[in-house]
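Please read the structure below before turning to the comments.
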């Protein structure tokens, strides 16, 4: 598959970005050989339709029109099944490299997309902080390696830097082919103009050096750099190539839109699920041997109502699913304390009840992937002592 990203479109290293369809990407360097990728699904994925608890007798009572026929569902062992569009994820599950976590939610109980996404990305229960937990992870990784300046050599694609990666660790930007690209002469003039500035001068120099590395890495793997692909597949190919490089970035975040399914869900949900599934396969292929050192965390801001609504869709809910993927993930099973779908078991008589905190999963994945002390984890997720890290997420 030809790679599709061009060199950075703006003052690289300063955290600017350009739009890339409905998919956004950010990467950042960290002093480690382990790769950590977070995929944010914006719009609230219906976990009951992605990982289907067909073994619960109340599922059909609540949403029969949304349940695929049994011969099309991808079985996960007798109670749960994947949506038919998730064939690559099913293969990962069968090889023990995918771990669905069901009935999971953040510590908040808002059903506002905007507020919930902010809280999901900052990692707190209420608005009290303006940096993202993934940026704070990068800071801690640099601190553990005695790095003075946690500046990244990474990139971002989208309308702006995701809140997840905002903070003291700098994140650069990248734009796909087809967007305006200043001439090399303009880059050099900007660098010369700002050379004496103690902040902008070093930032621009670092950005230009990083751009040269990124472009050389992508060009080596992309004999046809003029193919235009702006979706998750194209960005996953480029991201995987850069993450796999010996001196490439190690931290990556995607934002995928299109998960708000208030109407006609049976038709509207299949394309984004298929796109996610295809992109994951592309990402694994592009990572190559580095897949064995990669952990991917897929999360969404909240779930959707257990009952189908009058327009054959679902409304904003509470608990949903998260996914942990990677070459070392202890998968091949569904992790959950299943709350049940009877009316009295639903949260507020409408939603799948949460039994696991998203922060517990994120904490457990971080501790399994990186050798950080508990004090660092407390700074990454402040005021979260009630969310103990999940254990046994990766194989030793």
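The values are calculated or read from the model by the stated rules, or taken from the named source; none is laboratory data. Here the structure is a predicted model, which is why all the values come from computation and not from measurement. Cβ: placed from backbone, ideal geometry, glycine included. Neighbour counts: every protein chain shown.
The table below lists the values:
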item	result
Answer residue from the stretch 72-83, given it is closer than 30 Å to residue 365 by Cα and loosely packed, with under 13 Cβ neighbours inside 10 Å and is farthest from the chain's Cα centre (by Cα) among those	78
Test: residue in the stretch 303-322 that is more than 20 Å from residue 59 (Cβ to Cβ) and within 18 Å of the chain's Cα centre (by Cα)	no
Conditions (1) at pLDDT 60 or above; (2) out of contact with any helix residue (DSSP H, G or I) (no Cβ under 8 Å at 6 or more places or on another chain): number failed by residue 158	(1)
Looking only at the stretch 218-232, and only at residues there that are closer than 28 Å to residue 295 by Cβ and touching a strand residue (DSSP E or B) at 6+ places or on another chain (Cβ under 9 Å), the one that is modelled with the lowest pLDDT	229
Yes/no for residue 282 being part of a loop (DSSP other than H, G, I, E, B), in contact with a helix residue (DSSP H, G or I) (Cβ under 9 Å, 6 or more places away or on another chain) and at negative phi	no
Matching entry among 86, 27, 92, 11 (being modelled with pLDDT under 75 and under 22 Å from the mean Cα position of the chain (by Cα))	27
Residue under evaluation residue 213, criteria (1) modelled with pLDDT of 95 or more; (2) farther than 26 Å from residue 363 by Cβ, criterion not met	(1)
Residues satisfying the stated conditions in the stretch 242-264, i.e. part of a helix (DSSP H, G or I) and modelled with pLDDT of 90 or more	244
From the options 322, 290, residue that is in contact (Cβ under 8 Å) with a residue 12 or more places away in the chain and assigned to a helix (DSSP H, G or I)	290
Filter result (on the phi < 0 side of the Ramachandran plot, touching a helix residue (DSSP H, G or I) at 6+ places or on another chain (Cβ under 6 Å), surrounded by 20 or more Cβ atoms within 10 Å (Cβ to Cβ) and in a loop (DSSP other than H, G, I, E, B)) within the stretch 104-125	106, 108
Count of the stretch 56-71 residues which are loosely packed, with under 13 Cβ neighbours inside 10 Å and either out of contact with any strand residue (DSSP E or B) (no Cβ under 9 Å at 6 or more places or on another chain) or in a helix (DSSP H, G or I) (or both)	5
Evaluation of residue 142 against (1) touching a residue at least 60 places away in the same chain (Cβ under 8 Å); (2) under 20 Å from residue 39 (Cα atoms); (3) assigned to a helix (DSSP H, G or I) (one fails), failing number	(2)
Sole residue being closer than 20 Å to residue 35 by Cβ, buried (at least 21 other Cβ atoms within 10 Å of the Cβ) and out of contact with any strand residue (DSSP E or B) (no Cβ under 9 Å at 6 or more places or on another chain), chosen from 281, 286, 246	286
Some residue of the stretch 332-347 being free of Cβ contacts under 8 Å to residues at least 60 places away in the same chain, assigned to a loop (DSSP other than H, G, I, E, B) and surrounded by fewer than 23 Cβ atoms within 10 Å (Cβ to Cβ)	yes
Cβ-Cβ under 6 Å pairs, at least 6 apart or on other chains, the stretch 352-367 side touching a residue at least 12 places away in the same chain (Cβ under 8 Å) and at negative phi, far side assigned to a helix (DSSP H, G or I) and surrounded by fewer than 24 Cβ atoms within 10 Å (Cβ to Cβ)	363/377
Enumeration of residues in the stretch 353-384 that are touching a strand residue (DSSP E or B) at 6+ places or on another chain (Cβ under 6 Å) and in a loop (DSSP other than H, G, I, E, B)	353, 354, 355
In the stretch 303-314, residue surrounded by the fewest Cβ atoms within 10 Å (Cβ to Cβ) [restricted to those that are touching a residue at least 60 places away in the same chain (Cβ under 8 Å) and at negative phi]	307
